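The values are calculated or read from the model by the stated rules, or taken from the named source; none is laboratory data. Remember, predicted model here, so these are calculated numbers, not experimental data. Ideal geometry is used to build each Cβ from the backbone, glycine not excepted, and the neighbour counts take in all protein chains shown. Please note that ligands, DNA and RNA were not included when accessible areas were found on the heavy atoms of the full protein model with its side chains. Shrake-Rupley method; radii C 1.70, N 1.55, O 1.52, S 1.80 Å.
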Amino acid sequence: MKRKKQEFQFSVASSPQIRSPRSTARIMVYVILALLPAALWGVYQFGWYAAAVLAVSVAAAAAGEGAICLIRKKNTLSDGSAVLTGLLVGMNMPPSVPLYIPAIASLAAVIVFKGAFGGLGCNIINPALGGRLIAFFSWSSAMFTFQTPRTILESGLTVAGATGDAMTSATPLTFLKSSVPEYAGSISNEMEVLSLKHYSLSKYDAAVTDKINSLFGENFCYGYFDAFFGIKGGCIGEISVFLLLLGGLFLIAKKIIHWEIPVAFIGSFAAAVWVFGGLRAGTGFFSGDVVYQIFSGGLFLGAFFMATDMVTSPFRRGSMFLFGIGCGLLTFLIRYYGSFPEGVSLAIVFMNLTVPMLDRLFIPRRYGVKKKRRVGVGKGGNA
Amino acid sequence: MIKELTKGIFRENPVLMLLLGLCPTLGVSGKFFNAIGMGLGVIFVLVCSNAVISLMKKIIPNQVRIPGYIVIIATFVTIVELMLRAFSPVLYSGLGIFIPLIVVNCIVLGRAEAFAGKNRLLPSVLDGLGMGIGFTLSLMLIAFIREILGAGTLTLWESGSTVYRFVIPGLSEAPVSVLATPAGALFVVGFVIAGINAVKQYRSRPGKDARKGASV
């Protein structure tokens with residue numbers, strides 16, 4: 001018995017000989033774990049209905065994957081990727097969205113953007129973002145209705161920027177995009193608009209900002225604290241930058257995602273905002289408010305969890321940087337000059353489409369072969 | 001002879017099998033009525049141009065046959081355009097640029113080049129009719145799906161004040177409006193073709209019936 005086992009251990013088969021104990025399911029569990037704190041924060045801020053949105057998204061994604069399994073006669077449900085896709089779709093939904101929207105978005109994500117392309121590993125764009133975009137372009141008004149977070153309601157302040165009732169209000173990005181041009185030229189930083197127009201912020205934000213200003217003798221605007229810790233309107237999973245950052249660092253430490261993409265993404269976005277972001281507030285070049293812009297909207301959720309999707313991001317370090325830079329610049333252009341207040345998802349989907357070309361730019365040199373020419377279509381190539 | 005008529009409807013359906021004429025398919029299949037109008041226009045152009053081209057195939061020099069075909073096709077397209085403008089302004093504005101674009105519709109030009117320029121009159125007319133009907137049917141199928149899901153309505157007739165339009169309650173308030181865009185049309189075309197391929201595969205699955213399997 002013992003001998004037989006030894007024989008098995010040393011048997012030689014064809015490649016791959018080195019196997020990782022890591023399975024797809026394990027990676028998916030880690031990513032879901034990294035996402036959960038931010039999702040729970042969203043549920044805390046927006047109430048149980050947000051939890052229902054998340055649950056419906058996950059259930060619909062799992063059901064869609066189940067249907068694909070039946071068609072393909074192959075069990076791909078247990079690898080957990082559908083659950084992750086569903087969770088990401090749910091986290092990308094505004095908290096008060098009608099429940100059929102996350103359901104259809106999740107089904108579209110799993111069936112149209114993944115199943116139809118041949119399943120996990122063959123999809124050309126991030127399935128969760130595909131599903132989100134279907135919802136985004138189909139039910140725009142529902143996708144742009146954002147609930148006021150609990151902490152602000154409990155602060156007992158009047159909710160500025162509210163539409164109709166106090167339960168819904170504009171996200172900081174929407175608010176800035178529509179309000180900053182009114183004050184262009186009369187402000188030194190577009191953050192001042194939040195105070196000038198009485199955009200509601202939590203009492204903690206005011207307390208912390210005042211404390212820091214008195215300690216360091218600075219004159220920071222209000223709003224950074226709320227933006228970083230997620231006391232603001234937005235999609236369920238995107239608001240807590242702090243928890244998303246922790247989750248992202250956990251994944252980088254676990255070597256599940258590469259640091260190059262989020263760094264290039266957020267870095268290039270920050271650079272573009274710093275250089276050109278002040279133009280709409282009339283403060284000239286090199287005066288954009290970098291910190292507030294990177295803490296707003298879905299940038300961290302996108303940069304750490306969507307752009308780094310293993311299937312739809314590049315392999316090589318150089319192409320990862322290019323990919324991240326493209327995402328960052330497109331996000332900047334859409335946020336500042338597009339018709340939508342937020343452009344992270346559109347930017348990532350667009351850059352997903354360029355991944356095969358980006359990877360071709362950085363084909364490594366084979367050992368013993370001189371690097372002669374770039375591999376191109378129709379030239380035969382050497383790779 | 002009857003095969004020339006039926007091949008365009010199923011086996012060589014221009015849109016769903018040969019993937020020809022996708023531009024008007026994506027462009028005008030947002031509304032069921034527009035799809036019918038476009039289909040009838042293309043049937044007229046196809047039948048007439050195929051007939052004239054097959055009659056003139058000895059006269060047209062081979063070197064300039066494509067310009068020759070285009071002149072003939074453009075004549076009939078102009079007729080369609082002026083007739084629509086006069087009798088159905090709603091359809092005319094609904095189809096817009098896609099009416100003059102029938103001139104360069106690859107189905108029309110393709111049938112002229114591949115069939116009418118080599119065959120006699122009657123087969124050419126039947127071929128044009130079959131291809132036109134195939135185009136119309138696939139356009140109607142795609143428009144049916146797109147209008148119901150993408151707008152929550154189904155427009156059967158629209159002319160001045162007489163409008164026959166079913167409004168689907170519930171769906172029309174919050175339709176999947178992405179399907180009303182050309183990008184959504186690509187999704188629908190893709191899934192319809194996938195469905196047809198699935199049926200074809202099922203019918204030709206091994207071990208079913210050797211003779212029938214060979215003929216599919």
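Cβ under 9 Å from B:THR155's Cβ, B:THR155 left aside: what net charge do those residues give with Lys, Arg +1 and Asp, Glu -1?
Here the count lands on 0.
For the protein assembly as shown, list log₁₀ I(q)/I(0) at each q in 0.05, 0.07, 0.09, 0.12 Å⁻¹, using the Debye formula over Cα point scatterers of equal strength and ignoring solvent, two decimals each.
Treating every Cα as an identical point scatterer, log10 I(q)/I(0) equals -0.31, -0.59, -0.89, -1.23.
Can you tell me the equivalent ellipsoid semi-axes for segment B:2-201? Use √(5λ) from the Cα gyration tensor, largest first, whole Å.
Working from the Cα gyration tensor, I get semi-axes of 31, 20, 13 Å.
I need the phi-derived Karplus couplings for segment B:71-76: 6.51 cos²θ - 1.76 cosθ + 1.60, θ = phi - 60°, integer Hz, Gly and Pro marked x.
So the J values, rounded to whole Hz, are 4, 5, 4, 4, 4, 5.
Could you give the accessible area per residue of segment A:24-143, probe 1.4 Å, as a whole number in Å²?
On a per-residue basis, 36 Å².
To the nearest 100 Å², how much accessible surface do chains B and A cover up together, summed over both, with a 1.4 Å probe?
Rounded to the nearest hundred, the buried surface is 600 Å².
Ignoring ligands, DNA and RNA, what percent of the 1.4 Å accessible area of the protein assembly as shown is carbon and sulfur?
It is 68 percent, rounded to a whole number.
What is the list of residues in segment B:108-128 whose amide nitrogen lies under 14 Å from a point 7 angstrom out from the Cα of B:MET1, following Cα to Cβ?
Label zone hits: B:120-127.
Please list, in chain and number order, the residues 5+ apart from A:THR168 or on another chain whose amide H is under 5 Å from its amide H, with Hs placed from the backbone.
Hits under the 5 Å cutoff: A:THR148, A:THR163.
At most 15 other C-beta atoms within 10 Å and a DSSP loop state: those are the exposed trypsin sites (Lys or Arg not before Pro) I care about. Give me the longest piece of chain B that has none.
The longest such stretch corresponds to B:121-207.
For the protein assembly as shown, with the dipole built from +1 on Lys and Arg beta-carbon atoms and -1 on Asp and Glu ones, taken about the Cα centre, which of A:ALA307, B:PHE44, A:ALA272 lies farthest toward the positive end?
Working it through, the farthest residue towards the positive pole turns out to be B:PHE44.
Would you mind estimating how fast segment A:148-233 diffuses translationally, via Stokes-Einstein at 4 °C and 1.567 mPa s with the Kirkwood radius over Cα pairs, in µm²/s?
97 µm²/s
To the nearest 20 debye, what is the magnitude of the charge dipole of chain A about its Cα centre, counting +1 on the Cβ of each Lys and Arg and -1 on the Cβ of each Asp and Glu?
About 2860 debye.
Which aspartates and glutamates, if any, have their Cα less than 20 Å from the Cα of A:LYS177, not counting same-chain residues under 8 positions apart?
Here the aspartates and glutamates satisfying the reach criterion relative to A:LYS177 are A:GLU190, A:GLU192, A:ASP226, A:GLU238, A:ASP289, A:GLU342.
Any chance you could check segment B:157-189 for residues losing 10 Å² or more of accessible area when the partner protein chains are in, compared with the chain on its own (1.4 Å probe)?
Residues meeting the cut-off: B:ALA174, B:PRO175, B:VAL176, B:SER177, B:VAL178, B:PHE187.
Count the net charge of all other residues whose Cβ sits under 14 Å from the Cβ of B:ARG111, scoring Lys and Arg as +1 and Asp and Glu as -1.
Around B:ARG111, the charge tally is 0.
Given labels modelled 7 Å from the Cα in the Cβ direction, how far is it in nm from B:LEU55 to A:LYS197?
6.9 nm
Listed here are the pairs A:LYS74/B:LYS7; A:LYS232/A:LYS254; A:LYS74/A:LYS255; A:LYS73/A:LYS114; B:LYS31/B:LYS200; which of them are more than 26 Å apart at the Cα?
Long pairs (Cα-Cα over 26 Å): A:LYS74/B:LYS7; A:LYS232/A:LYS254; A:LYS74/A:LYS255; B:LYS31/B:LYS200.
Placing +1 on the Cβ of each Lys and Arg and -1 on the Cβ of each Asp and Glu in the protein assembly as shown, which of B:CYS23, A:ILE187, A:VAL263 has its Cα farthest towards the positive end of the resulting dipole?
B:CYS23
Compare each residue of segment A:96-128 in its chain alone against the assembly with all protein chains, and report those whose accessible area goes down by 30 Å² or more; 1.4 Å probe, heavy atoms.
Those residues are A:VAL112.
For chain B, with every protein chain kept in place, what is the accessible area per residue (1.4 Å probe, Å²)?
Spelled out: the 1.4 Å probe surface of chain B, per residue, equals 51 Å².
At a probe size of 1.4 Å, how large is the accessible area of B:GLU147, to the nearest 10 Å²?
0 Å²
What does the net charge come to around A:GLU260 if you take all other residues with beta carbon closer than 10 Å to its beta carbon, with K and R at +1 and D and E at -1?
+2
Over chain A, calculate the relative contact order: mean separation of alpha carbon pairs under 8 Å at least 6 apart, over the residue count, as a percent.
Once divided by the residue count of chain A, the mean separation gives 15 percent.
Taking a ≥ b ≥ c as the square roots of the eigenvalues of the Cα gyration tensor of segment A:24-143, is the shape rounded (a/c under 1.5), prolate (a/b larger than b/c) or oblate?
Oblate is the answer for segment A:24-143, as a/c is 1.5 or above yet b/c matches or exceeds a/b.
Relative to the Cα centre, what is the charge dipole magnitude of segment A:79-210, using +1 at the beta carbon of each Lys and Arg, -1 at the beta carbon of each Asp and Glu, and rounding to the nearest 20 debye?
Rounded to the nearest 20 debye, it is 360 debye.
Using only the alpha carbons of segment A:257-359, determine the length spanned along each of the three principal axes and report them from longest to shortest in whole angstroms.
On the principal axes, segment A:257-359 reaches 41, 23, 22 Å in Cα extent.
Work out, step by step, the length gained on full extension between A:TYR49 and A:VAL369: first 0.36 nm times the residue separation, then minus their alpha carbon distance; give nm to one decimal.
So the extension gain works out to 109.2 nm.
Would you work out if segment B:85-214 is rounded, prolate or oblate? Take a ≥ b ≥ c from the square roots of the eigenvalues of the alpha-carbon gyration tensor; rounded if a/c is under 1.5, else prolate when a/b is larger than b/c, oblate otherwise.
In terms of gyration-tensor shape, oblate.
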